[in-house]
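Visitor: Take this structure first; my questions come after.
The values are calculated or read from the model by the stated rules, or taken from the named source; none is laboratory data. All figures in this text were calculated on a predicted structure; none of them were measured in a lab. Every residue, glycine among them, receives a Cβ derived from its backbone with ideal geometry; neighbour counts consider all protein chains shown.
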Amino acid sequence: MTTRVHQSLPNFSPAPLRPWLAAVMAGLSLLGFAGSAQALSPQEAALLADYQRILPRLLHNPFGVPIYVHSQEQGEQLTAEVYGQVDYPLQRIKAALAEPSGWCELLALNLNVKACVHERSAERQWVTLYMGRKFYQLPEEAYQVRYRFQADASTAGYFEESLFATDGPLGTGDYRILLQAVSIPDGTLIHIRSAYRSSITSRTATAVYLATLGRGKIGFSSDGVDGDGRPRYVEGVRGIIERNTMRHYLALQAVLETWELPAKDRFEAGMQRWFALTERYRPQLYEIDREEYMQAKRREYLNQLHLQDAKTTQAPGQ
C-alpha cells in the first residue's frame, strides 16, 4: 500500500524531545519565555516550539484567521491536526473542560454527534459518542464509540487532555482526540489532534461515499496551487478527517465564546455560534442550512440529557 505523508510534525511523547530541548529553549527565549523556559515540561516546550515554527502560517493563510491545519495518511492510520490562536486565557479552557461533561457540551455541537454521555466506572472516566448522519437521528440509530477520558497535564501555563477508544464501527479502532493548550503572549495556542485506524470495511464504505455524496468535498490543507495560483485543497480521506477535526476546534471556540453566559443558555448560544463559525469555511464545512441544524440539535440535545439522566441514575448500582 502506498504511504502518503503530509507535513509530519515530531512525536509529542517525552522521550524523543529531550535531545533537542536545549534548542527549543533557545527559540522560546525569542518569543518572550526566557524567564520561565527552564521550568517547561517537554510537552509544553514542544507545543511552544510548534508555535514558533507555524507562526507565519497562523498569520498568513487563505482563511484570514490564525489557524493551521495539516493531515497525514500512513497505511491504515489517519491523523489530522488543527492549531489555532484564541484571545481567551488558558484558565477559561481549563474551566470549560474541567470534567468529562465539558467534552460532551463541546462535542455535541458537531452535526454528526447525535448524543454524548459521560460516566465513571472502575476508577476511570468515560465519554461515549453516538455518531450518525448529518440530519436528526435518535441515539439508538447511531453507532457508539466509548472513549476513555484522561486528564494528562495541567500547569499554570499548559493544559492537556485526551480521549481514547480501542474500537469503533466497521472494524476501525485506535481512536484518539488530543487537546493541548499553552499560554502565549497574545492569548492561548490550541492544538487538537484526531486520529484513528481504518479497516478494509471502512475503506470500502468511505470509497463509496467519496464517489457519491462526498465527491468534490475538500479539506483545509493544500498540496500546492492550481494553474491560477489558488490553493489546491486536499480531498479524499484526508479531507474527511480534516473537516471533522476542524468541527471539533470550532466547537471549542464556540464554547469559549459563550462561557460567561448562564449555564442554562450556553448550549443554545453555542449552537448558534458554532454554525456561524462553520459558515466562514463554507466550501469545506457546509452540509445543511442553519434552521435544519438548529432544529435537529435541539431535539438531539434533549435526547442527550435523557441518556445522561439514565446513566447518572444507574451509576450508584453499577
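Visitor: Can you work out which of the residues in the stretch 246-288 that are farther than 15 Å from W103 by Cβ and among the hydroxyl-bearing types (S, T, Y) is surrounded by the most Cβ atoms within 10 Å (Cβ to Cβ)?
Guide: Per the criteria, the residue is T278.
Visitor: Let me ask something else. Among the residues of the stretch 43-70, count how many are among the hydroxyl-bearing types (S, T, Y) and more than 18 Å from I192 (Cβ to Cβ).
Guide: Here the count works out to 0.
Visitor: Further question: Restricting attention to the stretch 131-151, which residues are touching a residue at least 60 places away in the same chain (Cβ under 8 Å) and either under 19 Å from W103 (Cβ atoms) or touching an Asp or Glu at 6+ places or on another chain (Cβ under 8 Å) (or both)?
Guide: Correct list: K134, F135, Y136, Q137, P139.
Visitor: Could you go through the stretch 85-101 and let me know if any residue there is surrounded by fewer than 12 Cβ atoms within 10 Å (Cβ to Cβ), modelled with pLDDT of 50 or more, of a type in the set (D, E, K, R) and over 20 Å from R247 (Cβ atoms).
Guide: Within the stretch 85-101 (the criterion being surrounded by fewer than 12 Cβ atoms within 10 Å (Cβ to Cβ), modelled with pLDDT of 50 or more, of a type in the set (D, E, K, R) and over 20 Å from R247 (Cβ atoms)), the answer is yes, since at least one residue qualifies.
Visitor: Turning to a different aspect of this structure: Which one is nearest to L252 (Cα to Cα) among residues in the stretch 143-173 that are of a type in the set (S, T, N, Q) and not in a strand (DSSP E or B)?
Guide: Filtering the stretch 143-173 for residues that are of a type in the set (S, T, N, Q) and not in a strand (DSSP E or B), the one nearest to L252 (Cα to Cα) comes out as T155.
Visitor: Can you tell me which condition W126 does not meet? The list is (1) closer than 14 Å to N303 by Cα; (2) touching a helix residue (DSSP H, G or I) at 6+ places or on another chain (Cβ under 8 Å); (3) of a type outside the set (S, T, Y); (4) surrounded by fewer than 20 Cβ atoms within 10 Å (Cβ to Cβ), and all the others hold.
Guide: (1)
Visitor: Might you let me know whether the stretch 204-227 holds any residue that is surrounded by fewer than 16 Cβ atoms within 10 Å (Cβ to Cβ), among the β-branched types (V, I, T) and in a helix (DSSP H, G or I)?
Guide: yes
Visitor: Something else: Please indicate, with yes or no, whether at least one residue in the stretch 250-258 is in contact with a Lys or Arg (Cβ under 9 Å, 6 or more places away or on another chain), closer than 25 Å to T206 by Cβ and of a type in the set (G, A, S).
Guide: no
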